[in-house]
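For reference, the structure is listed below as structure tokens.
No lab work stands behind these numbers, since they all come straight from the coordinates. Everything numeric here is computed off the predicted structure, so don't read it as measured data. Note that each Cβ is placed from the backbone with ideal geometry, even for glycine, and that neighbours are counted across all protein chains shown.
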Amino acid sequence: MYLNNIKLLFIQPCVAESKKIRFKAEFSSDVSNIMPYLNSVVKSGSYNSNMPSFTFKKDSRLINIYANDMTVAKAINETDAYSIMDFVKDLINETYDNKNSIEPNYEMRKKHGLLRFIHIYPKKL
């Protein structure tokens, strides 16, 4: 087991959705070397090697993984926060256990949607 535990540091009201929460949790180990493998496993995620960080969505929750901690926005409640922490712990440990059969992806995925096209429009309409 690579990651032994994740410790909840704090819970605050979510800025994006007032009826939800956001939280921060700390990893028992540095996970930065696992991020390129997570980038291969979680196709909808985005790896940033400069930070390093790995960001993805699980349902409506936005999960940001950093070297030593994680932040989550739009969690339902404290029970949901612990469930997400368990999910991330399992994801990291399973990815680590299978890393010899995973080709790491060090590339940052391009953003999709409106932000990708906004640069083609004139600054003033």
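May I ask you to list the trypsin sites (Lys or Arg not before Pro) in the range 1-60 that are in a DSSP loop and have at most 10 other Cβ atoms within 10 Å of their Cβ?
Passing both the DSSP loop test and the Cβ count: 19, 43.
Starting from the Cα of residue 90, step 7 Å along the direction of its Cβ; do the same at residue 40; then give the gap between the two resulting points in nm.
A separation of 2.2 nm, rounded to one decimal place.
Just going by the charge dipole of the range 6-120, with Lys and Arg at +1 and Asp and Glu at -1 on Cβ, which of 6, 47, 37 is farthest out on the positive end?
It is 47.
For each pair in 7/43; 57/110; 24/99; 24/110; 57/99; 74/99, compute the distance between the two Cα atoms and list the pairs where it is over 18 Å.
Among 7/43; 57/110; 24/99; 24/110; 57/99; 74/99, the Cα-Cα distance tops 18 Å for 7/43; 24/99; 24/110; 57/99; 74/99.
Starting from the Cα coordinates of the chain, work out the convex hull volume and express it per residue in Å³.
Cα convex hull per residue, to the nearest whole number: 126 Å³.
So which aspartates and glutamates can residue 89 reach, going by Cα to Cα under 18 Å and dropping same-chain residues fewer than 8 places off?
In chain and number order, the partners are 26, 30, 59, 69, 78, 80, 97.
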